[in-house]
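Engineer: The structure is given below, and queries will be raised subsequently.
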């Protein structure tokens, strides 16, 4: 009897093992290989590593392409992520890309079109280096990706050549909302344009709407200058002929690190998913000496993040801090003498400090991720933008009532001190951003998980049902030029018929009148 039960148990164990093997086989069959390749910028790579961890929970095999300079400097957390190192030729891309713009800003010089053209040409050269990196291409061919996740920023637009030359599907993930490039219908006068920061969500007068319209039109046409169609023809000679613009509209899903709480409301297509910021993390407990410094502050704390600034600007900021009632934690790359109300550090746990209830003010250059940190924790912002989208970010924070903005290069220390006090002590700024924080937490609970969900969704189900036919139409059809031409011809034909009929009737009436009048003249 005992041997009989042993045989039954052994059979059940074998059956369970076979069933488990079948389940694992099905799971492995459903798992896909996903490669995430962002622009070689620290913040973008951090976003991609966060999303890669979320994708791994769906059973997919994920790889993140990380530039060598970020790996060497240990600026990106790659725990739990498979890394594809590349780009030894990039050196320190962050410094290269922003240094020219920063130098001009500190000198008080404007950034002219030729400077942007130079940056565009430099970025096109870098993208070409990435696309012709044989070590990277060989690695990608070896792992055989099922999907690429790419950045759709203006300077990195040509990277879509990579999935096209390898004949692999792709999706977009980033903070750039490309309305004209994705064929999204929008009103040029009432849709915020990054090139015109003075946009007002509550409405503008004629000149404001005119400036916004011109900005959107110019950006739409300049968008094509970022694209190098010759690169596609050269690197993907065996693929059907296509432009960078046409390829970019083939994205399975377009995931955007934005939403209408911090940013302005904008139109979107169903396949464009607004997820909020993937950079937000759960705050950790503060450690000494930061904890004791904040606890001992009587009026609260201002967190100032200024990174690399000239000595003259640092001196001006020091004078402004001395006039504050608040204690100041200053992230700066030099170390003046600390006092009981000033602590300087080359790096600060920004998220953890902003989460502290005694933090009353955040002074920042207003990068997108920094703004989201302030929004999430409900801390008013004084924006001191330096370059790029920071000016747009600063104006939208001001427009939403989350704080104020100023030009750090030209403002005096007295004006800076006054603005800091105004933002910290005025209730409306804190009330506005705390209300926005509540809304954000209500709708955007886990952006990285949301991004991973939509990527997994299009892997499993495709995304054709979310797309619009407008994305495949030639430009003249999209703008309905053929229909307008037809309507114009019909109207012109109708007008011509009416004019001809009037002329004919006039001539006939004239003949009839002449015929009636002539007999009377003959009798007389």
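Engineer: Tell me, please, whether a residue that is assigned to a loop (DSSP other than H, G, I, E, B) and in contact with a strand residue (DSSP E or B) (Cβ under 7 Å, 6 or more places away or on another chain) can be found in segment 231-251.
Structural biologist: Within segment 231-251, the first condition is being assigned to a loop (DSSP other than H, G, I, E, B), and the residues that meet it are 236-243, 249-251.
From what's left, in contact with a strand residue (DSSP E or B) (Cβ under 7 Å, 6 or more places away or on another chain): 251.
Yes, that holds for at least one residue.
Engineer: Is it true that some residue in segment 146-166 is in contact with a strand residue (DSSP E or B) (Cβ under 9 Å, 6 or more places away or on another chain), part of a loop (DSSP other than H, G, I, E, B), on the phi < 0 side of the Ramachandran plot and surrounded by fewer than 18 Cβ atoms within 10 Å (Cβ to Cβ)?
Structural biologist: The first filter runs over segment 146-166 and keeps only residues in contact with a strand residue (DSSP E or B) (Cβ under 9 Å, 6 or more places away or on another chain), leaving 146-153, 156, 159-160, 162-164, 166.
Filter again for part of a loop (DSSP other than H, G, I, E, B), leaving 146, 151-153.
Keeping just the survivors that are on the phi < 0 side of the Ramachandran plot gives 146, 151-153.
After this cut, where a residue has to be surrounded by fewer than 18 Cβ atoms within 10 Å (Cβ to Cβ) as well, the list is 146.
Yes; the residues of segment 146-166 include at least one that is in contact with a strand residue (DSSP E or B) (Cβ under 9 Å, 6 or more places away or on another chain), part of a loop (DSSP other than H, G, I, E, B), on the phi < 0 side of the Ramachandran plot and surrounded by fewer than 18 Cβ atoms within 10 Å (Cβ to Cβ).
Engineer: Assuming residue 328 fulfils every condition listed in (1) closer than 29 Å to residue 193 by Cβ; (2) at pLDDT below 95; (3) buried (at least 20 other Cβ atoms within 10 Å of the Cβ); (4) in contact with a strand residue (DSSP E or B) (Cβ under 6 Å, 6 or more places away or on another chain) apart from one, which condition is it?
Structural biologist: Condition (1) is where residue 328 drops out.
Engineer: Suppose we filter 430, 510, 467 for residues that are surrounded by 13 or more Cβ atoms within 10 Å (Cβ to Cβ) and out of contact with any strand residue (DSSP E or B) (no Cβ under 9 Å at 6 or more places or on another chain); which single one remains?
Structural biologist: On the way: 430 fails: out of contact with any strand residue (DSSP E or B) (no Cβ under 9 Å at 6 or more places or on another chain); 510 fails: surrounded by 13 or more Cβ atoms within 10 Å (Cβ to Cβ).
Step by step, each of 430, 510, 467 is checked, and only 467 is surrounded by 13 or more Cβ atoms within 10 Å (Cβ to Cβ) and out of contact with any strand residue (DSSP E or B) (no Cβ under 9 Å at 6 or more places or on another chain).
Engineer: Now, a different point. Which pairs turn up if I take residues in segment 118-135 that are in the same structural domain as residue 88 (by the TED database) and look for partners that are surrounded by fewer than 16 Cβ atoms within 10 Å (Cβ to Cβ) with beta carbon separation below 6 Å, at least 6 apart in sequence or on another chain?
Structural biologist: What qualifies is 129/89.
Engineer: Looking at residue 381, is it surrounded by 22 or more Cβ atoms within 10 Å (Cβ to Cβ), over 30 Å from residue 219 (Cα atoms) and touching a residue at least 24 places away in the same chain (Cβ under 8 Å)? Steps first, please.
Structural biologist: Details: surrounded by 22 or more Cβ atoms within 10 Å (Cβ to Cβ): yes; over 30 Å from residue 219 (Cα atoms): no; touching a residue at least 24 places away in the same chain (Cβ under 8 Å): yes.
Answer is no for this residue.
Engineer: List the number of the failed condition for residue 437; all other conditions in (1) touching a strand residue (DSSP E or B) at 6+ places or on another chain (Cβ under 7 Å); (2) assigned by the TED database to the domain that holds residue 299 hold.
Structural biologist: Every listed condition holds for residue 437 apart from (1).
Engineer: Okay, moving on. Within segment 17-113, considering only strands (runs of 3 or more DSSP E) that don't extend past its boundaries, which have at least 3 residues that are at pLDDT 85 or above and buried (at least 19 other Cβ atoms within 10 Å of the Cβ)? Spell out the reasoning first.
Structural biologist: Values: elements: 33-37, 61-67, 82-86.
By residue number, 33-37, 61-67.
Engineer: Is one or more of the residues making up segment 198-212 closer than 24 Å to residue 118 by Cβ, at pLDDT below 85 and not in a helix (DSSP H, G or I)?
Structural biologist: Of all residues in segment 198-212, those closer than 24 Å to residue 118 by Cβ come to none.
No, segment 198-212 contains no residue that is closer than 24 Å to residue 118 by Cβ, at pLDDT below 85 and not in a helix (DSSP H, G or I).
Engineer: Restricting to segment 216-235, name every residue that is crowded, with 17+ Cβ neighbours inside 10 Å and free of Cβ contacts under 8 Å to residues at least 24 places away in the same chain.
Structural biologist: 229
Engineer: Of all the residues that make up segment 255-270, how many are surrounded by 21 or more Cβ atoms within 10 Å (Cβ to Cβ), part of a loop (DSSP other than H, G, I, E, B) and in contact with a strand residue (DSSP E or B) (Cβ under 6 Å, 6 or more places away or on another chain)?
Structural biologist: Residues that pass the stated criteria total 1.
Engineer: Only one of 260, 270 is modelled with pLDDT of 90 or more and farther than 22 Å from residue 436 by Cα; which?
Structural biologist: After ruling out the rest, the residue left standing is 270.
The values are calculated or read from the model by the stated rules, or taken from the named source; none is laboratory data. Since this is a predicted model, take the numbers as computed values, not measurements. All Cβ positions, glycine included, derive from the backbone under ideal geometry; neighbour counts span all protein chains shown.
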